[in-house]
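*Asks:* The following block contains the structure, expressed as structure tokens.
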């Protein structure tokens, strides 16, 4: 992928969001616990929303996005990656999702830093911000539901 080609970068980002949507949807269909199923369905919906936004983005649209500082609880940095299992418990599901969102955030940060195109750098920064929001949501849930009782 040419990191300075706007259309190629958008296509790449759409593909990544579609992959995340498909993965979370598959997890939601295979997992046995209703609460975990709902969590994966919610994550799939968020990824689908990102994809729809990206499909409507034109070069001039990127400038309107506001970048914000999203808090980072850094919990995902201290947990091990989890493998999916239909029988996984809630803590494992949260760890799996946190690590996926951490990886997506890291990818978009690297892509933002790897382009000379300011519009693409901003687009990738916005996508990184969205993944940070997901990560914060998951880390907050993990902190309140798992760590609080550990």
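*Asks:* Hey, does the range 15-26 have a residue that's more than 18 Å from residue 104 (Cβ to Cβ) and assigned to a helix (DSSP H, G or I)?
*Replies:* Taking the range 15-26 first, the residues more than 18 Å from residue 104 (Cβ to Cβ) are none.
No: the range 15-26 contains no residue that is more than 18 Å from residue 104 (Cβ to Cβ) and assigned to a helix (DSSP H, G or I).
*Asks:* If a residue has to be under 30 Å from residue 1 (Cα atoms) and not in a helix (DSSP H, G or I) to count, how many in the range 121-150 make the cut? So that I can check it myself, show each step before the final result.
*Replies:* Looking only at the range 121-150, we keep the residues that are under 30 Å from residue 1 (Cα atoms), and these are 121-136.
Of the ones still in play, those that are also not in a helix (DSSP H, G or I) are none.
Of the residues in the range 121-150, 0 are under 30 Å from residue 1 (Cα atoms) and not in a helix (DSSP H, G or I).
*Asks:* Got at least one residue in the range 3-14 being at pLDDT 95 or above and in contact with a helix residue (DSSP H, G or I) (Cβ under 7 Å, 6 or more places away or on another chain)?
*Replies:* Let us first name the residues in the range 3-14 that are at pLDDT 95 or above, namely none.
No, the range 3-14 has no match at all.
*Asks:* Within the range 65-86, identify whether any single residue is outside any loop (DSSP other than H, G, I, E, B), surrounded by 13 or more Cβ atoms within 10 Å (Cβ to Cβ) and free of Cβ contacts under 8 Å to residues at least 12 places away in the same chain, and answer yes or no. Let's see the steps before the verdict.
*Replies:* Step one: filter the range 65-86 for residues outside any loop (DSSP other than H, G, I, E, B), giving 75-78.
Add one more test, that the residue is surrounded by 13 or more Cβ atoms within 10 Å (Cβ to Cβ), and what stays is 75-76.
Narrowing further to those that are free of Cβ contacts under 8 Å to residues at least 12 places away in the same chain: none.
Within the range 65-86, not a single residue is outside any loop (DSSP other than H, G, I, E, B), surrounded by 13 or more Cβ atoms within 10 Å (Cβ to Cβ) and free of Cβ contacts under 8 Å to residues at least 12 places away in the same chain.
*Asks:* May I ask you to verify whether residue 49 is at pLDDT below 95 and part of a helix (DSSP H, G or I)? Lay out the reasoning, then the answer.
*Replies:* On the way: at pLDDT below 95: yes; part of a helix (DSSP H, G or I): yes.
Taking the combined requirement at face value, the residue satisfies it.
The values are calculated or read from the model by the stated rules, or taken from the named source; none is laboratory data. Bear in mind that the values here come from a model prediction, so they are computed numbers and not experimental data. Neighbour counts are summed over all protein chains in view; Cβ atoms, including those assigned to glycine, are modelled from backbone coordinates with ideal geometry.
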